[in-house]
Amino acid sequence: MTECAAGPPPPLLVEGVRLFNAGRWFEAHEVLEDAWRAEPGEVRRLYQGLLQVGVGLHHASRGNLRGALNLLDRGMAHLDRFRPRCLGLDVDALLRDSAEVRRTLAEPGGLERFRPAEAPRAILRRTHPEKIDS
């Protein structure tokens, strides 16, 4: 597990999660990439993992199964070291839900069953549990 700073989630993470949860994965990627590039520490892998999961979902929504599976795998691998939570992001929940989508996609006909509205959501917890919605 990697050390994560205490305190409120950084603004770029909040904005990236808002876009991610709205199914605007391409835009979320842009915001999270800015956060990833600006972060000198290991926590930059958290941003990278979240953006890769989002890109995987974007690929699934566009019918690109190979890209979806590849990016989901890479993103989940980056996120795993930040369990259970980092910077307020509920990493355990995101990994669980992303793994379920990945399993479904890998099944015969899984891509056709993918519904963007049912995609995993990133949960940010501040002082009180809450979801960052669009």
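Bear in mind that the values in this text are calculations on the coordinates, not laboratory data. Predicted, not measured: the structure shown is a model, and the values here were computed from it. No Cβ is skipped: glycine too gets one built from the backbone with ideal geometry, and neighbour counts run over all protein chains shown.
Quick notes
- Residue in the range 80-91 that is crowded, with 22+ Cβ neighbours inside 10 Å, touching a Ser or Thr at 6+ places or on another chain (Cβ under 6 Å) and either among the acidic types (D, E) or in contact (Cβ under 8 Å) with a residue 24 or more places away in the chain (or both) present: yes
- Check on L57, of a type in the set (A, V, I, L, M), over 28 Å from P108 (Cα atoms) and buried (at least 23 other Cβ atoms within 10 Å of the Cβ): no
- Restricting attention to the range 24-81, the residues that are over 24 Å from R113 (Cβ atoms) and outside any helix (DSSP H, G or I) add up to 6.
- Any hit, the range 26-47, residues being closer than 22 Å to G110 by Cβ and surrounded by 17 or more Cβ atoms within 10 Å (Cβ to Cβ): no
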